[in-house]
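Enquirer: Next up is a structure, given as structure tokens.
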Amino acid sequence: GDRAFCVGADMSQKAIDKTGLEYWSQLDPNGFGGLSLRTTLDVPVIARVNGYAVGGGMEMILGCDIVIAADTAKFGLPEPRVGRLPLDGGMVLLQRKIPHNAAMGLLLTGKRVPAAELYRLGLVNEVVPASELDNAVQRWVDDVLACSPSSVRAIKQLATRTAQLSAREAR
């Protein structure tokens, strides 16, 4: 919709009704939305972001391969503002995808940032006016579909499964 891609979970103590440690012990191994930490998807995952992508929504973005955002989209990990931690990949994946100081600035302040800033940092692939979002996403889908399915699958598998290896080890 226009208001949000995903705003994550209600982080108030009343809504969660469990301590941070209790929450942590019951985490989905694939992360928020079954996506943020998932490494078994061998197809490209493209995010279409309109409105807010905060908390778990931002963590889901971190689990995507391509991110297309409306120019009005806002991103952030607000957990530290309410005494919580971005446990579904936010703390680890963000600093792997953008420069360390930029990641720490977001992680330690919980501030929301516009799509243009995350485009500049390399987390968002394209920013377009909201009225052009569907066309932009379709253009990216068409570009992926123009490629060999077996090549796309192999690239996704190798990129996902060798991310922590040196280039020589991955080869």
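The values are calculated or read from the model by the stated rules, or taken from the named source; none is laboratory data. Remember, predicted model here, so these are calculated numbers, not experimental data. Cβ coordinates were reconstructed from backbone atoms using ideal geometry, including for glycine residues, and neighbour counts include every protein chain displayed. Just the protein is used for accessible areas: all its heavy atoms, side chains included, with ligands, DNA and RNA removed. Shrake-Rupley method; radii C 1.70, N 1.55, O 1.52, S 1.80 Å.
Enquirer: Under 8 Å between Cβ atoms, which residue pairs at least 6 apart in sequence (or on different chains) link something in segment 81-93 that is farther than 18 Å from I61 by Cβ with a partner that is at pLDDT 90 or above?
Expert: Hits for this filter: R81/G110.
One line per residue, one yes/no per condition, for (1) over 15 Å from the mean Cα position of the chain (by Cα); (2) closer than 23 Å to T39 by Cβ:
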residue	(1), (2)
G122	no, yes
V128	yes, no
D134	yes, no
V144	yes, yes
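Enquirer: From Q157, Q95, grab the single residue that is open to solvent by less than 70 Å² (accessible area, probe 1.4 Å) and assigned to a helix (DSSP H, G or I). Reasoning before the result, please.
Expert: Details: Q95 fails: open to solvent by less than 70 Å² (accessible area, probe 1.4 Å).
Within the list Q157, Q95, the selection yields Q157.
Enquirer: Something else about it: If we keep just the residues of segment 64-90 that are open to solvent by 70 Å² or more (accessible area, probe 1.4 Å) and not in a loop (DSSP other than H, G, I, E, B), which is modelled with the highest pLDDT?
Expert: The residue in question is K74.
Enquirer: Separate question: From the list V92, V113, exactly one residue is in contact with a strand residue (DSSP E or B) (Cβ under 9 Å, 6 or more places away or on another chain) and among the hydrophobic types (A, V, I, L, M, F, W, C). Which is it? Reasoning before the result, please.
Expert: Working: V92 fails: in contact with a strand residue (DSSP E or B) (Cβ under 9 Å, 6 or more places away or on another chain).
After applying the criteria, what remains is V113.
Enquirer: Still on this structure, please answer the following. Taking only segment 107-154 into account, find how many residues are part of a strand (DSSP E or B) and closer than 14 Å to D65 by Cβ.
Expert: Looking only at segment 107-154, we keep the residues that are part of a strand (DSSP E or B), and these are 113-114, 126-128.
Then drop every residue that is not closer than 14 Å to D65 by Cβ, which leaves 126.
Count: 1.
Enquirer: Further, regarding this structure: With respect to T39, determine if the residue is part of a loop (DSSP other than H, G, I, E, B), hydroxyl-bearing (S, T, Y), touching a helix residue (DSSP H, G or I) at 6+ places or on another chain (Cβ under 6 Å) and at pLDDT 90 or above. Write out each step before concluding.
Expert: Numbers: part of a loop (DSSP other than H, G, I, E, B): yes; hydroxyl-bearing (S, T, Y): yes; touching a helix residue (DSSP H, G or I) at 6+ places or on another chain (Cβ under 6 Å): yes; at pLDDT 90 or above: no.
In short, no.
Enquirer: Another question, then. Restricting to segment 107-143, name every residue that is open to solvent by less than 50 Å² (accessible area, probe 1.4 Å) and over 20 Å from N50 (Cβ atoms).
Expert: Selection gives L107, G110.
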